[in-house]
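Presented below is the structure to which this report refers.
The values are calculated or read from the model by the stated rules, or taken from the named source; none is laboratory data. Keep in mind that this is a model prediction, so the values were computed, not measured. All Cβ positions, glycine included, derive from the backbone under ideal geometry; neighbour counts span all protein chains shown. Protein only, heavy atoms only, side chains kept; ligands, DNA and RNA dropped before computing areas. Shrake-Rupley method; radii C 1.70, N 1.55, O 1.52, S 1.80 Å.
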Amino acid sequence: MFLTGLRCTVCARSYASEPGRYVCDRCGDVGTLDAVYDYAAIGKVLTQASLAADPERSMWRYRPLLPIDSATPVSQLGVGGTPLAEAERLAHRWGVGQLWIKDEGRQPTASLKDRASAVALARAAQEGAETVTTASTGNAAAALAGLAAGTGQNAVIFVPETAPEAKVAQLLAYGAFVILVEGTYDDAFRMCQETVGRFGWYNRNTGINPYVGEGKKTVALEIAEQMRWEAPDAIFVSVGDGSIIGGVHKGFRDALELGWIDRMPRIYGVQAAGSSYLAEAWLKGEDVLTKPPVSADTAADSISADLPRDRVKAMAAVVDTGGGWVVVDDEAILSMIPTVSADSGVFPEPAAAAAFAGLARAADGPQDGVPEVGASDRVVVISSGSGLKDIRGVMRGVDRIGAVPLPTRPGPDGLDPTEISARMERWIENLRKQT
Ligand SMILES: *Cc1c(COP(=O)(O)O)cnc(C)c1O
Ligand SMILES: [Zn+2]
């Protein structure tokens, strides 16, 4: 293992990577720790050429860059290795040079969270813990439950009762111990934090566990590699707790440190209007160490957070790369689901659709200090979770664009050809006018 220790993202104090070490002693929970590696040593065993020759497609192809011993058993469900699909029609629609979608809906449990939970479970095994717990809006929980089912570890899950049904169904089917909290994600988070110490469980909570972002960073390593080590100009990431965007930043920084890419992309964080703590802080120049929580309310449940738990890393991702924070309302998020689906074949859940809505806004011209994205830019959008996660959310989006099926009674005469032609014409017209 090439992990040399942990460093506080707030006060830069160093810690050894030991069982039971989560956050900074001096800074408390806001003092999320960052994993530190010996890059010179990594560069000797992991190179662009060694990667090109490696038949392993999953995230474990980057194992020397992860906090996991080579002897530790890891998930065999094929986490990572998701497609990066070029989306020409969407690029044309928004006037950007080139656009690719990283489709994280294609993970074993259908969201990007599999990358994080895979690392947390491996760390738990490495530290000798049998049971892993997390609070979650749903996807981190489903990922932990599903991958734990694969490895035979135990998962204890705290989710808000408002979590979409499909996510709760995953938890129950995967055999996790599920605690349904009558309240918000933030309530579930506090309950989990209060309970974890009493049982000695391994804590996977976002912003607390120093290693989950290490898993998430593999999405950036994959994007860089899939683009033949030419970093995109801009990348759009939807943000709740800020852990994914922090991981994306770390992954590109790792690639830069190792000389695999020669510059960083501008990282854009996209938040829902009803849950825009970080965007608000950025616009008003507020300090995320002292800014009080907001009261989150959005249809995009995966990015609903009163107080983003990984806010320090998230803010750094945008500020250090010259990106921006974009806010999109629920109307734009929901109607983006059928637009992206019909124009690319990638099927996003509401939180994933938010990232596309953010690109559409940023491509619309400069506003609120957000650097414009335009015709000369090579852009990546991370589609963080599958539309199958929240069918009710998808149907709300479909309703908004007026897409309806043609109801038909089965009978001997079949369908009236003039009626079909008229309906098809309207259908094509409708598809064209969606923006
Ligand atoms: C968790 C999640 C996000 C947001 O990630 P954070 O790390 O909380 O910012 C976005 N989209 C989906 C589908 C998610 O599950
Ligand atoms: Zn600190």
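Quick notes
- Scoring PRO210 on the criteria (1) within 16 Å of ligand 2 (Cβ to nearest atom); (2) part of a helix (DSSP H, G or I) leaves a single failure, condition (2).
- Filter result for the condition that a residue is among the small types (Gly, Ala, Ser) and without any contact (Cβ under 8 Å) to a residue 40 or more places away in the chain, over ALA353, ALA375, ALA362, ALA332: ALA332
- Region 19-37 residues that are more than 16 Å from ligand 1 (Cβ to nearest atom), paired with ones that are part of a strand (DSSP E or B) and of a type in the set (S, T, N, Q) (beta carbon under 7 Å, 6 or more apart): TYR22/ASN203; VAL36/THR4; TYR37/THR4
- Among residues of region 213-245 being part of a loop (DSSP other than H, G, I, E, B) and of a type in the set (Lys, Arg), the one that is nearest to ligand 1 (Cβ to nearest atom) is LYS217.
- Residue check for ASP287: within 16 Å of ligand 1 (Cβ to nearest atom) and more than 23 Å from GLU372 (Cα to Cα): no
- Qualifying residue in region 246-253 (condition: within 16 Å of ligand 1 (Cβ to nearest atom), over 16 Å from ALA118 (Cα atoms), outside any helix (DSSP H, G or I) and in contact with an Asp or Glu (Cβ under 9 Å, 6 or more places away or on another chain)): no
- Strands (runs of 3 or more DSSP E) within region 1-109 that include 2 or more residues at positive phi and open to solvent by 60 Å² or more (accessible area, probe 1.4 Å): none
- Residue check, ALA357 under 17 Å from the mean Cα position of the chain (by Cα), closer than 22 Å to ILE101 by Cα and either surrounded by fewer than 24 Cβ atoms within 10 Å (Cβ to Cβ) or within 12 Å of ligand 1 (Cβ to nearest atom) (or both): no
- Test for ALA342: is it in contact (Cβ under 8 Å) with a residue 40 or more places away in the chain and surrounded by fewer than 24 Cβ atoms within 10 Å (Cβ to Cβ): yes
- Out of THR109, THR82, THR32, sole residue that is closer than 26 Å to ASP301 by Cβ and in contact with a Pro (Cβ under 9 Å, 6 or more places away or on another chain): THR32
- Residue check, VAL270 assigned to a strand (DSSP E or B), touching a helix residue (DSSP H, G or I) at 6+ places or on another chain (Cβ under 6 Å) and surrounded by 19 or more Cβ atoms within 10 Å (Cβ to Cβ): yes
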